[in-house]
1. Fully extended, how many nm does the chain gain between residue B:458 and residue B:336 (0.36 nm per residue separation, minus their Cα-Cα distance)?
2. Give the residues of the range A:57-95 whose amide nitrogen is closer than 12 Å to a point set 7 Å from the Cα of residue A:5 in the direction of its Cβ.
3. Apply the Kirkwood formula to the range A:102-151: the hydrodynamic radius equals the inverse of the mean of 1/r over all pairs of different alpha-carbon atoms; give it in Å with one decimal.
4. Just how many % of Cα pairs in the range B:314-390 lie over 16 Å apart, if you round to the nearest whole percent?
5. Taking a temperature of 37 °C and a viscosity of 0.692 mPa s, what whole-number D in µm²/s does Stokes-Einstein yield for chain B with Rh from Kirkwood over alpha carbon pairs?
6. I'd like to know how the range B:329-450 sits against the 2.2 N^0.38 Å rule of thumb: what's its Cα Rg over that expected value?
7. Could you give the semi-axes, largest first, of the ellipsoid that matches the range B:396-478, computed as the square roots of 5 times the alpha carbon gyration tensor eigenvalues and rounded to whole Å?
8. Which ordering of B:396, B:252 is given by a fewest-first count of other beta-carbon atoms within 10 Å?
């Protein structure tokens, strides 16, 4: 019998997060290699659009991102079936997305954002829809939904986790972000200087009555 | 200080009062990662609130700029517009990369305007490590070596002469090596510290002014080239020094401070008028629409563009020491040095020491990479117990390869491999040079024959040596 395994997700400990936004930057970097983003900040030609966000209050900071819900409400409301469950993660097919915002409204965590779509570092224009700009009709930029995909569609996400792994990358002497030390952690987890982020891969039934939303439940989940 | 750009009086001189390193309070999240890499504890503030920089302590190394990840997000527009922030930061308006909280005063905008002036004779020099890191700004792998493309790009930016700080490094070895030999022979003012890292010099002036006589009196290679540009090269080209715009491309943010020091002038002319960083050069190349990756390789200009392998390795920690020993050994023993590649000096530890047998002398040397490691050595010198003859100090963790003006990495996890690749590239460049000792560089031999006379001679003292000043807090307040 096939064993059911809940989706993995990344969660932060607010007590550890220092609000540096290194996770946001890393998330953006590894997801935009097709947009010309390499190792150096100077290769960026578009706004930084991460798939998780550091939220702040007077007393704490912590990144918030997709919880990869088992009965994902975003998928339930997507009118074009652009949101799917694939190998333990909830993913958005960005080509299919029509930017309707239903997923963003349905998400209980505010983990979905809508931003312009980019290709080769340039805004992607729509083929038909136009808007008035500078006194004339211009093709409107495509807008799509972005959210955490656990770095699933990235060949490898610069997921270097240990000093040894970093050294193994050094041998390759490459500035490419595709270099991987063999790890499989999402980029945000691997770059956090305070180890505030954790990739949680729960096993069904072990969280008992507590929900995954409770940070304290991390202790009872088998990582 | 004399202003060398008549049309823009006062603006070309980089004033000492500009702290150069800034933290944008609108963007700073108070994570204090900058404070954790600051070697002199110059960054202050409560966690979670915007940080401040103590300009007196700050050595302008720019490591905070490299570490900062707090950027202006698309989703939360900051109070000032992006265009206004770029202008305030001295950056050209075409810059598209994100704006971070920690940044250095830019001179790209000012340089762009100056380069468009046909009346000026525009001269540029590039530090050894720009050629091993510039390509990263165009998406090429870490450590890609591009001296030829760099020279070609600088010509297309409208520079009349493309010179090389590596040549200045060779001159430094001639002067500093001779100075070391003199001090070792006389036993005076030992140990001798290198003086080519301006952040180290500022730190020594701030925290150990009583030990300044232990610093070599040599100006840095950048300033030496600056002095020669406005004298030797001006003479060769038949140009009035007052018409020359002397520009340096550096991996270092503190070089902006060094160029603005009052004593860094020759016959009333500022030696280096403008300093831009590796990142700023890349921004100017993109601004002009130059296709860097497909540029042909072009040579540097003569006479200040011919360099040896010894000049090249200045960019890595231990490089100055290795270059100095290659020449010092031969000057002292009049014999060829048995091995040119001094592996025992290479490495990346904070402090490395070695003993080198030169004839009858056992020369004891130390290399310090990272200012946080220098305090123990300074204490030994103050107590008179320091066992070394010669000490190289570089403020940044791995020397200039890890300078504050170098390409900024998106992922902290790649820092180690980036520095290692840049360093390997420098050593590879050295190994492929026909001439690998400063004193065997034909252009250096000609410089001394035609212009300077001899190392430590009258002309050298006038152009290439300087004095350092105390910057202790007590004196600054008075």
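1. Details: separation 122, 0.36 × 122 = 43.92 nm, distance 2.85 nm.
Result for the pair: 41.1 nm of gain on full extension.
2. A:87-89
3. Details: mean 1/r = 0.0785 Å⁻¹.
Answer for the range A:102-151: a Kirkwood hydrodynamic radius of 12.7 Å.
4. Values: 1545 of 2926 pairs.
Distances greater than 16 Å cover 53 percent of the Cα pairs.
5. Working: Rh = 22.4 Å.
The diffusion coefficient I find is 147 µm²/s.
6. Values: Rg = 17.4 Å, N = 122, 2.2 N^0.38 = 13.7 Å.
Compactness ratio reported: 1.27.
7. Working: eigenvalues 218, 164, 12 Å².
They are 33, 29, 8 Å, listed from largest to smallest.
8. Details: B:396 27, B:252 31.
If I rank by nearby Cβ atoms, fewest first, I get B:396, B:252.
Read the figures in this text as sums done on the coordinates, not as results from a lab. All figures in this text were calculated on a predicted structure; none of them were measured in a lab. Note that we place each Cβ from the backbone using ideal geometry, even for glycine, and neighbour counts take in every protein chain shown.
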